[in-house]
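> Submitted below is the structure of interest, expressed as structure tokens.
Read-outs: derived from the displayed coordinates by stated rules, not from any lab. None of the values given here were measured: they were computed from a predicted structure. Note that we place each Cβ from the backbone using ideal geometry, even for glycine, and neighbour counts take in every protein chain shown.
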Amino acid sequence: MSDPIHVASTERRELISFRVGQQEYCVNIMAVREIRGWSPATSLPQSPGYMRGVINLRGAVLPIMDLAARLGMPMVEPNVRSVIIVVQAGDRMVGLLVDAVSDILSITDDLVQPTPDVACDSVRSFVRGIISIEGRMISEVSLDRILPEREAMAA
Amino acid sequence: MRTILTVDDSRTMRDMLRMALAGAGFNVVEAVDGEHGLEVLSAHRPDVIITDINMPKLDGFGFIEAVRVDDDYRAIPILVLTTESDPSKKQRAREAGATGWIVKPFNPEKLVEAIRRVAA
Amino acid sequence: MDELEAIKVTFFQECEELLADLEGGLLAMQEGVGDIETVNAVFRAVHSIKGGAGAFGLEPLVRFAHVFETLLDAVRSGEVPNTVDLAAVMLRASDVLADHVSAARGLGDVDMAASAAMADELKAWTDPSAAPPPAAVAAETVDAPPPAPVAADPDALDDDDLGFDFQPMTISIDAQAADAELIPTNVWTVSIRPKSDLYRKANETALLLRELSRLGPIVATMDDSALPTLEFLDAEAAYVTWSVRVETDDGEEAIREVFEFVDGDCELDIVRGEAPVEAALANLLSAIEPPAPQAAVQAAPEPVAEPAPVASAPEPVAEAPPPVVAAAPAAVAAAPAAAAPAKVTQADVPGPGQSVIRVDPERIDRLIDLVGELVINQAMLAQRVGEYGIAPSSNLAMGLDELEQLTREIQDSVMAIRAQPVKSVFQRMPRLVREVANMTGKQARLVMDGENTEVDKTVIERLSDPITHMLRNAIDHGLESPEERRAAGKNPEGVVRLAALHRSGRIVIEVQDDGKGINRERVFSIAVKKGLISPDVQLTDEEIDNLIFLPGFSTADKISDVSGRGVGMDVVKRSVQALGGRISITSRPGLGSTFTLSLPLTLAVLDGMVVDVAGETLVVPLAAIVESLRPKAEEVRPLGPVGSVLAVRDSFVPLIDVGLALGYRNTSPSPTEGVVLLVEGEDGSRAALVADAIHGQRQVVIKSLEQNYQQVEGVAAATILGDGRVALILDVDAVINLRRRESPRPTEPSLIAAE
């Protein structure tokens, strides 16, 4: 289904796609550590609104980020179908709260289109590119940007 | 595989010896002083012993003497490690029954060569 | 070279231990309680440092250690008397040695001028007249009191010591040289007649022949019969003579080197060519009967030994004197060897027979984490079972109790793995005391207690700074000058006592001096002058003493670079509190002061008070809590537009609603509906934290928020409670500061609350 001459572009990657509101997003499956159901998080004071708080992930404290809020969309109260996708972002692990996991995609890079300029700031920062597949539009989340910069708080 | 017993109170020196000896394909057992050396000796039956001189509890001279008076061990070659070039010290080690000596700092080749010279 | 680097790390670790042993031994010598074994141990420490340094080519360290070792060797042999003065000099030398070690490690520089001066001072002890080079003298002192000819050249000795050269070999070749041109230059004949000593030392002729064969093709002849292969040689057959024809281009030196280890234990003749040897061999052989080795064993030694010195012409000159003196050093060495078992070591260094396993600390940290999980899981299980209303006498409940017991024991055992004696910190302190005393012109003696008290490694690493500060303070501010002390009828030398002990699940560090005590009037007036307290407050003596922990307080008339190095005791207090610890001072005028520092035994768990705030569960570190109380309406007084204070006995403490401070809620309920935790912040200021409810005390496992997220203001860390949920641990100081930033700075009522 693609030009076999460009070896680099035909290398297949697997992505996990999921729903955030009415939109579809995805992350590289290599970054996904686990997918788990929603459990109430302990809220963090003095934190941005998209930080849902922290949960206990087998003894580690895992921050939960509301991906919809992070992308500038309205927050939706999590329900039984909400899931947390635990991803590795740099040296940190973070749980992404999304509405539902859709499926696993196997794509080649030539299916990825650059993020259109029209998008708002948060989308431009957090979306690596847009994948068009079977008539769907799936945005690939850039994990290295999605966590806020670690900063030492002034005491 | 030949077993070498190293007796030295300095961890650094034991590690250096282990690195050189293991690298040359020897099995290495260690002791931290002469007393310990005698204990280890009975458990491991080394082919060659390398011992330091200045050690707490039982020094190298005493250790060598103790090995040499034991019928079971007296045939084991003993190399003395020494930084002292003073011939009298070396001579004392020899009087005690040392087979040969290695002058610190040693390089692995010298060490292995010294073992080769005394090991059957 | 990874392995070598790893050994280098080991070396520096070992250096730390050796330097500590060195210092400990020298201190004992200075106290006049150093016996011969102390001197030996001190010698070995320097000797081992030098040995390792040599292996890594750390030249300046080796050179200084060499001079030091030389002096110690002389002390060991009794040539230089072991005096208190000498010990003092050597203590300073040990500091320089420590500097060299640090420099070799890449941590800091050595004052080379000071080092050279120190080296000269050390040399002067072994050799006041400086006639023969000191190094040579000392090298000789142990074994050969009359200077032997060997070490005439100090440079040669030094090189020897650093390098690998063996003793000089004088090559004596007889008249055969005359025939040299007639025969092939690469053919040598080696005649060997072993003495019984050769075998006694586990050398073997067969091995010598094997070594010779490495130089080139050999033909070995035993007696007049041929020895076709080495395998058939009977190694035990002493008192036979071999003649070996060697064909080698390596020269005589190489051949002689083969016999290096048996030098003196066999008669050796090396000649170029073949012809003359036949005669020489025949000569040698005439002394012995042909191959009857078994019979010869008993009889041979005497006759053979006699002609030895004559026959073994090549024996190096340097070898001659040693046999004469060898007996004496043997006796010397026997004494310390015998005395050794009596030595009482304080060190926890495992002795022989005790094996040590070296484990990557990360593995232990992981284990501690896992055990933390186990504790939490066990608590969760217990809570669930409790919720089902199972009778405490049921098997299930009893089984759970046992599980809890086991879990605690596992936790204690695992924590014990990471526990270490505070010794590693303590042993750095004598030097500090010496230096500070020198700098301030005080005379101070450090007495240490409880060095073997164990505490978690994570705590140990952070003890050093506060102890350093307290000691500096004790000497700089606590102790009087020798003159003042004399005038006060005290010993001019002040005593500073550093002690560690366990007290109710915490480690307590005490630093006590016998100085003048705190000048309360001055402290009070300084605090007033600096605006830290109002002049009309009534403070108890203890409250005044503890004013020195206030930020910005310094009692020194001039800013001393010794005490605190520009930072005050407030910094110490803050760092201590950051560890969940407390620090206080008590003082008696004219008699001295005592700093008391208490810390949790580990930083992995924390004693906390579990509270509810705006629907969230929070843990407040117990160390910060002074008391908890339910305020009565009349004790709550509004202050300003929004603030209110709580009357606690005679003082007023600002009320802080934790939910409001953390942003959990926008309006605070009335404090009378909740519970108040009276807390003390890092600067000694107090606050009344309002929570909705208290669940009680609990030990919690500390979890990092930063690992996956980042620091959060007002939160010290996180933990996992029995229900499996994350609870945040409150950063009390940050909460007090949050409030301060949001509201205008209040007056100083908080200070008055000190009790």
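> Would you tell me the mean number of C-beta atoms belonging to other protein chains that fall within 10 Å of each C-beta in C:209-217, as a whole number? Display every interim value, and only then the final one.
Working: counts 0, 3, 4, 0, 0, 3, 0, 0, 0.
For peptide C:209-217, the averaged partner shielding equals 1.
> Which percent of Cα-Cα pairs in region C:422-600 sits in each 10 Å bin, short to long?
10, 38, 37, 14, 1
> Would you list C:LEU639, A:LEU15, C:LEU532, C:LEU71 from fewest to most Cβ contacts within 10 Å?
Details: C:LEU639 15, A:LEU15 24, C:LEU532 18, C:LEU71 28.
Fewest-to-most ranking of C:LEU639, A:LEU15, C:LEU532, C:LEU71: C:LEU639, C:LEU532, A:LEU15, C:LEU71.
> Going by C-beta contacts inside 10 Å, put C:SER393, C:SER94 in order with the fewest on the left. If you can, show how the numbers build up before the last one.
Values: C:SER393 7, C:SER94 24.
Lowest count first: C:SER393, C:SER94.
> Calculate how large, on average over all directions, the projected area of the Cα convex hull of region C:361-420 is; give the answer in nm² to one decimal.
Working: hull surface 16.2 nm².
Seen from a random direction, the Cα hull of region C:361-420 projects 4.0 nm² on average.
> Here is a further query. What value in Å³ per residue do you get for the convex hull of the alpha-carbon atoms in region B:1-45?
Expressed per residue, the convex hull around the Cα atoms of region B:1-45 is 44 Å³.
> If region A:34-155 were replaced by its equivalent ellipsoid, with semi-axes equal to the square roots of 5 times the Cα gyration tensor eigenvalues, what would those be, largest first, whole Å? Provide the component values of the computation, followed by the final result.
Values: eigenvalues 132, 64, 39 Å².
So the three semi-axes of region A:34-155 are 26, 18, 14 Å.
> Who wins for biggest fluctuation among B:GLU35, B:GLU65, B:GLU109 in a Gaussian network model of chain B, springs between alpha carbons below 10 Å?
B:GLU109
> For region B:25-89, what does the convex hull of the Cα positions come to per residue, in cubic angstrom?
Numbers: hull volume 6.3 nm³, N = 65.
Per residue, the Cα convex hull of region B:25-89 comes to 97 Å³.
> Across all directions of projection, what mean area in square nanometres is found for the Cα convex hull of region C:76-127? Don't skip to the end; give the middle numbers.
On the way: hull surface 15.4 nm².
Directional mean of the projected Cα hull area for region C:76-127 stands at 3.9 nm².
> Please work out whether region B:3-118 counts as rounded, prolate or oblate from its C-alpha gyration tensor, where a ≥ b ≥ c are the square roots of the eigenvalues and a/c under 1.5 means rounded, while otherwise a/b larger than b/c means prolate and anything else oblate? The partial results should precede the final answer.
Values: a/c = 1.32, a/b = 1.09, b/c = 1.22.
Because its axes are fairly even, with a/c under 1.5, region B:3-118 counts as rounded.
> Could I ask something else about it? Residue by residue through A:52-60, how many Cβ atoms from other chains fall within 10 Å of the Cβ on average? Provide the component values of the computation, followed by the final result.
Details: counts 0, 4, 11, 4, 12, 2, 3, 10, 9.
Mean number of neighbouring Cβ atoms from other chains: 6.
> Next question, about the same structure. Just to confirm a number: summing +1 for Lys and Arg and -1 for Asp and Glu over residues other than C:ALA474 whose beta-carbon lies under 13 angstrom from that of C:ALA474, what do you get?
Numbers: positive: C:LYS442, C:ARG445, C:ARG472, C:ARG497, C:LYS516; negative: C:ASP476, C:GLU480, C:GLU510, C:ASP513, C:ASP514.
Local charge sum for C:ALA474: 0.
> Skipping prolines and chain starts, which residues have an amide H placed within reach, meaning under 5 Å, of the one on C:LYS703, given they are 5 or more residues away or on another chain?
Those lying under 5 Å, H to H, from C:LYS703 are C:ALA718, C:THR719.
> Something else about it: For region A:1-100, just run the numbers: alpha carbon Rg, then divide by 2.2 N^0.38 Å, N being how many residues it has. If you can, show how the numbers build up before the last one.
Details: Rg = 15.6 Å, N = 100, 2.2 N^0.38 = 12.7 Å.
Computed over Cα atoms of region A:1-100, the ratio equals 1.23.
> Using the structure shown, list the pairs from C:LYS442/C:LYS529; C:LYS50/C:LYS123; C:LYS423/C:LYS457; C:LYS490/C:LYS529; B:LYS90/C:LYS195 with a Cα-Cα distance above 21 Å, or answer none. All intermediate terms of the calculation are to be shown ahead of the outcome.
Details: C:LYS442/C:LYS529 29 Å; C:LYS50/C:LYS123 17 Å; C:LYS423/C:LYS457 12 Å; C:LYS490/C:LYS529 33 Å; B:LYS90/C:LYS195 19 Å.
Table pairs above 21 Å Cα-Cα are C:LYS442/C:LYS529; C:LYS490/C:LYS529.
> Here's something else I'd like to know. What is the fewest-to-most order of C:ASP99, C:ASP465 by other Cβ atoms lying within 10 Å of their Cβ?
On the way: C:ASP99 20, C:ASP465 15.
Arranged by neighbour count, lowest to highest, C:ASP99, C:ASP465 become C:ASP465, C:ASP99.
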